[in-house]
Amino acid sequence: MQGLAERYTAVRQRIQHASKRAGRDPAEITLVAVTKTWPAQVILDAYEAGMRHFGENRAEELAEKRPFLEKQLGTDSGIVWHAIGNLQSRKAKIIADQADLFHALDRLKIGNKVSAQLKVNGRQLPVFLEVNVSGESTKSGFICDNWEKDATQTAALRNVAQQINALPGLIVVGLMTMAPWGAPEAEIRSVFRRTTRLARTLQADIETAVPLQLSMGMTDDFEIAIEEGATHVRVGRAIFGDRQ
Ligand SMILES: *Cc1c(COP(=O)(O)O)cnc(C)c1O
């Protein structure tokens, strides 16, 4: 695929510049290359270009591509598979078996289902809790659109984070959010900033294995997200071009 390596380099440079603007170390930021809809061969090309973190939003695609890549590269290729999309509970087994990180845990019920399978397969799965900070009704995630003023929202999130953390196999590692679609930059920035603050507030209240991380930022807004504290950016189109 022509230009893949160049586009990857360009995205990494943009990450470096954004980190620098924010006085952050770019090494703190994981670039998750979002390969959804692209054939597994494209992931092989991306691997050759140096990418190691791959994001899929549909469980079936992950279940198809991971074994293909393992056949080609072995199981110690260094690839980390990120499941980034919301999950229907009947697909929980796939995620428990195949994902290395899950970014979009948005209901306790899903946590229970995934955990049940983690008990069976003996794996551990770091998870991000998805939070809806923008308040858009079309977005998934635990509702935190007014968390600064509405203490019940923060309490509910704390409660669910503790419950999920206590489930076998699941480790809460951070919060994930999506910016409002097509909103002005100031609004996008505010959603990311408020999500970072929410993570800090939560951190003070719950015990986590690692400092809470932040999965936020996609092709159109990853630099803003980095300036506002993202540790994981999920970038598809800027690396692979428009999806087929
Ligand atoms: C598709 C997708 C992305 C990447 O989107 P781009 O705009 O292609 O960068 C990030 N996160 C999630 C949850 C997605 O579904």
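Only the coordinates and a few stated rules stand behind these numbers; no lab work does. Given the structure is predicted, the values throughout are model-derived calculations rather than measurements. Every residue, glycine among them, receives a Cβ derived from its backbone with ideal geometry; neighbour counts consider all protein chains shown.
A few remarks follow.
- The condition (being without any contact (Cβ under 8 Å) to a residue 60 or more places away in the chain and at positive phi) is satisfied by just one residue among Gly85, Gly122, Gly111: Gly122.
- Residues of the stretch 131-186 that are among the β-branched types (Val, Ile, Thr), closer than 23 Å to Ile84 by Cβ and exposed (fewer than 13 other Cβ atoms within 10 Å of the Cβ): Thr138 alone.
- The listed residues are Ala199, Ala179, and the only one of them that is more than 16 Å from the ligand (Cβ to nearest atom) and among the small types (Gly, Ala, Ser) turns out to be Ala199.
- For the stretch 185-228, a residue qualifies if it is among the polar types (S, T, N, Q), within 19 Å of Asp145 (Cβ to Cβ), free of Cβ contacts under 8 Å to residues at least 40 places away in the same chain and touching a strand residue (DSSP E or B) at 6+ places or on another chain (Cβ under 8 Å), and exactly one does: Thr196.
- Search result, residues across the stretch 213-238 that are surrounded by 20 or more Cβ atoms within 10 Å (Cβ to Cβ), near the ligand (Cβ under 8 Å from one of its atoms) and not basic (Lys, Arg): Phe222, Val235, Gly236
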